[in-house]
Each structure stands twice: as C-alpha cells, then as structure tokens.
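Only the coordinates and a few stated rules stand behind these numbers; no lab work does. This structure is a prediction, so every number in the text was calculated from the model and none was measured. Glycine also receives a Cβ, built like all others from the backbone with ideal geometry; neighbour counts cover every protein chain displayed.
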Amino acid sequence: SVSGNGNGAARGLWSSRLAFILAATGSAVGLGNIWKFPYVTGENGGGAFVLVYLLCIAVIGIPIMMAEVFIGRNGRHNPITSMRLVAERNLSAPAWRVSAIIGMIAAFVILSFYSVIGGWAASYVGHAAMGDFTGGTADSIGELFGGLLASPGQLLLWHTVFMALVILVVSRGLKGGLERAVTILMPALFVLLLVAVGYAMTTGHFGEAVSFLFTPNFGALSINGVLIALGHAFFTLSLGMAIMMAYGSYLGRDISIGRTAVSVAIMDTVVALLAGLAIFPVVFANGLEAGAGPGLIFQTLPLAFGNMPLGSLFGTLFFILLLFAAWTSGISLLEPVVEWVEEKSGMARTGSAVLVGVLCWALGIASILSLNLWSDVAPLAMFERFEGKTIFDLLDFFTANVLLPLSGLLTAVFVGWFVAKESLKTDLALQGGSFTLWYNLIRFVTPIAVAIVFVYNLMA
Ligand code: PHE
Ligand code: NA
C-alpha cells in the first residue's frame with residue numbers, strides 16, 4: 001500500500017500507452033475471436049449477427065471496459081483491494097469489492113479450462129507442421145481430433161505445456177514478462193493474420209465470405225442470437241474477470257482511459273472480422289459447412305489445410321497464430337489472482353505465479369477428464385437443465401452465464417451510481433459529449449442490458 005492514489009511508480013507501470021493497448025488487446029484477442037466468433041456468426045446467420053454484435057461492443061463492452069480500467073488505475077492495487085479503496089474514497093460500502101472477487105474466481109476457473117483448449121492449439125501446431133493433415137478426409141481428421149480428446153495423457157501433456165508458458169511469462173513480472181511477451185507476440189499475431197487473409201484471397205471465394213459476414217439477413221437472427229452477441233461482447237473483451245482492473249492498475253495517470261479502451265475494442269473487433277475473412281473463404285472453397293459449430297477450426301479447417309497447396313505451411317502458421325492469441329489471453333487470466341496473492345501474502349512474484357498457476361493447472365485436470373474418463377459424470381444431473389453436462393460444461397456455463405455478467409453488472413452499477421462524477425470525468429478524460437454518453441450508458445443502458453441477458457440465460 002505504498003502508492004495510494006499517487007502515480008504508482010513504486011509498483012511499476014506500463015512503459016507506454018501502446019504497451020497497455022498491446023497487453024489489453026492481447027487479453028482480448030483469443031480463442032473468442034479466432035475460434036468462437038466465426039462459428040457463432042456462422043450459426044446465427046452472418047451479417048445481421050455481426051451488426052448486433054458491433055452494437056453490443058459499443059453500448060456495453062466499451063463502457064464496462066472503461067469502468068474496469070478506471071477502478072484499477074484509481075485503486076492502484078490488485079482488483080479486490082482497488083475496488084475497496086475506490087469504494088472507500090467515494091464513501092461507499094467496501095462490500096462492492098465482491099464484484100472483483102467474483103471476477104477473480106471467474107478468471108481462475110476460466111484459465112483452468114482455457115488452458116486445456118490452448119493445449120489443443122499447441123498440439124495442432126505440431127500436427128500441421130508434421131503434415132498430419134495432408135490428404136486427410138473428414139474421417140481421418142475427425143479421428144485425429146477425437147483421439148486427442150479421448151486421450152487424458154495427450155491432453156494433460158499439452159495443458160501442462162500451455163500452463164507452463166503462461167506461468168513463465170507472469171512470473172517474470174510486468175516489464176520483463178507481460179510487456180515483453182505482448183510486444184513480440186501481438187505484432188507477430190497481426191502479421192500471421194494478414195498472411196492468412198492474403199491466402200484466403202487466393203481461394204477465389206473471398207467475395208462469398210465478405211457477403212456472408214456483411215450482408216445482414218435478419219430472418220436468420222433469433223432472440224437467442226442477440227443474447228449470444230451480447231454475451232460474446234463480454235467474453236471477447238475479457239470483461240467481468242477483473243483483468244482490465246489488474247491491467248489498469250499499472251496504467252500511467254496521464255493516459256486517457258476513454259481513448260485507450262476504444263482502441264482496444266476496435267483492435268479486438270478488427271481481429272475477429274479478419275479471422276472471419278481468413279477462415280470463411282477456406283471453408284467455402286472446400287465446400288465445408290459455415291455453421292459447423294465449435295469443431296470449425298479444429299476439424300473443418302485442418303481438412304481444408306490438408307487438401308490445398310501449401311496447406312502444411314499455412315496450417316502451421318494458422319495454429320501458431322491461434323496459440324499466440326490463446327497465450328496472451330492466458331497470461332491476462334493469471335495476472336489478477338497473482339497480483340492479489342503477491343500483495344496479500346508478500347510472496348515474491350515468481351512464487352505467487354507458480355503457486356496460482358499450479359493450482360489452476362490441477363483444476364484443469366477435471367476438465368480434461370470430462371472429455372474422456374468422466375464424460376458420463378454429470379454432477380448436477382438432478383436438475384433437468386444440467387442433465388448430461390460434464391464438469392467442463394458446468395464450469396464453462398457458470399463462469400460465462402453467471403459469474404461474468406454478475407461481476408460486470410456490479411461493476412457498472414458501482415461505477416455508474418456510487419463513484420463521484422467528478423472523479424470519473426477526470427480519470428476517463430473524455431471530451432464533453434462523449435463523457436455524457438458514456439455516463440448514461442454505464443448508469444442505465446449497460447446494467448439493464450446485462451441484467452436482461454443474465455436473467456434470460458438463467459431461465460432459458
Ligand atoms: N477475450 C478472450 C477471447 O476473446 C477470451 C478471454 C476471456 C481471455 C477471458 C481472457 C480472459 O478469446
Ligand atoms: Na476477443
């Protein structure tokens with residue numbers, strides 16, 4: 001508690017606005033952009049879904065991101081302590097910190113299974129590079145993917161590799177770890193993505209992908225699609241997990257939170273759209289199913305890579321891209337809890353990172369077993385709606401549908417209604433009209449929208 005509300009120099013700051021943007025974008029850009037966005041867009045009718053999604057980013061995503069960064073920078077501590085300090089400074093109840101607690105539990109749980117999927121990406125880099133997809137058929141590639149999921153040993157190996165990569169970076173701290181990783185990985189990721197889009201342009205089906213992504217077909221959009229768009233806006237910007245609070249706690253005072261948050265959201269959106277433009281031409285060129293669901297990039301794309309010129313090369317590049325994206329997100333999931341353990345226990349950074357990382361790794365084993373040995377274990381089967389849901393499914397469901405929206409809702413209400421307007425005005429540094437817009441969004445629109453999705457998802 002050396003720095004209080006000061007400039008925080010004692011605990012280290014990002015060296016520039018760009019460093020923060022790269023780190024926050026590194027968190028935001030992940031499996032959500034490259035794996036989930038293309039397939040939910042495919043399942044929900046393309047352009048119309050994209051339009052609603054963009055609206056959700058603007059009206060809900062960006063305002064909450066600003067609120068989270070504000071809390072982190074104003075508190076200058078781990079998310080829980082920051083929230084308590086901000087509450088106390090504004091004569092509000094310290095209990096508001098429950099929002100950060102929920103977010104950090106979510107981050108910890110999500111990392112446990114995110115690492116398992118990150119491990120799939122790592123294993124696919126190897127498969128692609130060794131030419132395992134070459135000449136593949138739907139059956140042979142299905143077997144390869146099925147074989148991975150059926151093998152606790154393989155999954156454990158790759159989960160361990162992925163978690164080790166994450167721990168390695170976080171244990172090296174802000175500048176030598178996080179900042180160094182993102183300044184190498186993010187530019188590499190952009191280059192790889194552009195190469196992938198460039199390749200997609202040569203397939204002769206680029207125009208088809210453009211019209212699929214950008215022609216609104218509102219007939220194909222259900223209410224459910226709208227709710228998915230909203231939920232995804234949250235997930236894709238890494239909100240409700242205390243991440244932006246943790247990253248904001250290292251942000252210099254002179255930097256505009258408003259402009260910075262908008263930059264991060266734009267970058268994340270651009271990457272999602274580029275990922276769509278890289279993936280769908282390949283899907284269409286090979287007569288594959290755009291709405292193939294979660295298997296799209298692990299089953300469908302390898303089929304395409306295995307049967308096209310230079311497929312091993314582009315397949316390898318694609319899965320490296322996916323791995324980098326997942327890695328920088330994994331780092332951001334570990335950071336809030338590590339920051340908290342470090343400050344609370346007085347343990348060094350390395351010890352905290354290893355401790356939290358290993359616990360999270362251990363929890364990940366439950367998700368691994370859910371895919372094979374425990375695939376029949378449904379702990380909440382006594383409730384009809386959870387019948388057949390494995391531990392992995394339940395962890396995913398409760399974090400995405402309960403913890404994230406709850407944390408986001410509490411954050412929005414707290415910042416919108418319990419923090420002094422003047423302090424928000426100063427910290428966000430938005431121009432007059434934009435501040436009023438943000439203030440109205442965070443007070444009214446955001447909480448109502450999130451509450452609707454929250455209740456709907458719990459009842460659906
Ligand atoms: N924002 C990431 C994505 O789009 C997902 C993520 C969620 C990452 C939570 C970190 C934390 O894939
Ligand atoms: Na994202």
Checked against the positive end of the charge dipole of the chain (+1 on Cβ of Lys and Arg, -1 on Cβ of Asp and Glu, about the Cα centre), the farthest of Gly330, Ile365, Val170 is Val170
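Quick one: plug the Kirkwood hydrodynamic radius of the range 54-101 (C-alpha pairs) into Stokes-Einstein at 20 °C, 1.002 mPa s, and report D in µm²/s. Could the numbers behind the result be given before it?
Numbers: Rh = 11.1 Å.
Using the Kirkwood radius from Cα pairs, D works out to 193 µm²/s.
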Amide N proximity, the range 431-460 versus Asn90 label position 7 Å along Cα-to-Cβ, cut-off under 16 Å: 435-448
Cross-link reach from Lys421 to aspartates and glutamates, straight Cα distance under 17 Å and at least 8 residues apart if same chain, gives Glu68, Glu88
Whole number please: convex hull volume per residue of the Cα set in the range 283-322, in Å³? 59
Residue span Asn307 to Lys425: 0.36 nm per residue of separation minus Cα-Cα distance leaves a gain in nm of 36.9 nm
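One-quarter of the Cα convex hull surface for the range 89-244, in nm²? Don't skip to the answer; put the middle values down first.
Details: hull surface 59.7 nm².
Approximately 14.9 nm², given one-decimal rounding.
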Within the range 284-323, backbone nitrogen closer than 11 Å to the virtual label 7 Å beyond the Cα of Glu208 toward Cβ: 284-290
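Which three numbers, in whole Å and largest first, are the semi-axes of the equivalent ellipsoid of the range 334-426 derived from its Cα gyration tensor as √(5λ)? Write out the running numbers ahead of the final one.
On the way: eigenvalues 221, 116, 12 Å².
Rounded to whole Å, the semi-axes are 33, 24, 8.
Would you compute, from DSSP H runs of 4+ residues alone, the mean residue ellipticity of the chain at 222 nm, taking -39500 (n - 2.57) per run and dividing by the full residue count, rounded to the nearest 500?
On the way: 21 runs with 316 residues, N = 460.
Calculated mean residue ellipticity at 222 nm is -22500 deg cm²/dmol.
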Each label point is 7 Å from the Cα along the Cα-to-Cβ direction; what then is the distance between the points at Ser15 and Ala362, in nm? 3.7
Sorted largest first, the Cα spans of the range 182-303 on the principal axes come out in Å as 52, 37, 25
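Only sites in a loop by DSSP and with at most 16 other Cβ atoms within 10 Å count here; which GluC sites (Glu not before Pro) in the range 383-432 make the cut? Mind showing how you got there, number by number?
Working: sites: Glu384, Glu387, Glu422; in loops: Glu387.
Taking the range 383-432 and a limit of 16 other Cβ atoms within 10 Å, the loop GluC sites (Glu not before Pro) found are Glu387.
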Give me the distance in nm between label points sitting 7 Å out from Cα along the Cα-to-Cβ direction at Trp417 and Leu458, one decimal. 1.6
May I have the pair-distance distribution P(r) for the range 1-159, computed from all Cα-Cα distances with 10 Å bins from 0 and rounded to whole percent? 8, 23, 29, 22, 13, 4, 0
Output needed for the chain: three equivalent-ellipsoid semi-axes, defined as square roots of 5 times the C-alpha gyration tensor eigenvalues, in descending order, whole Å. 35, 24, 22
Pairs of Cα atoms under 8 Å, at least six residues apart: use those to get the relative contact order of the range 180-307, whole percent. 44
Under 25 Å from Lys389, Cα to Cα: lysines that are on another chain or at least 8 residues apart: Lys36
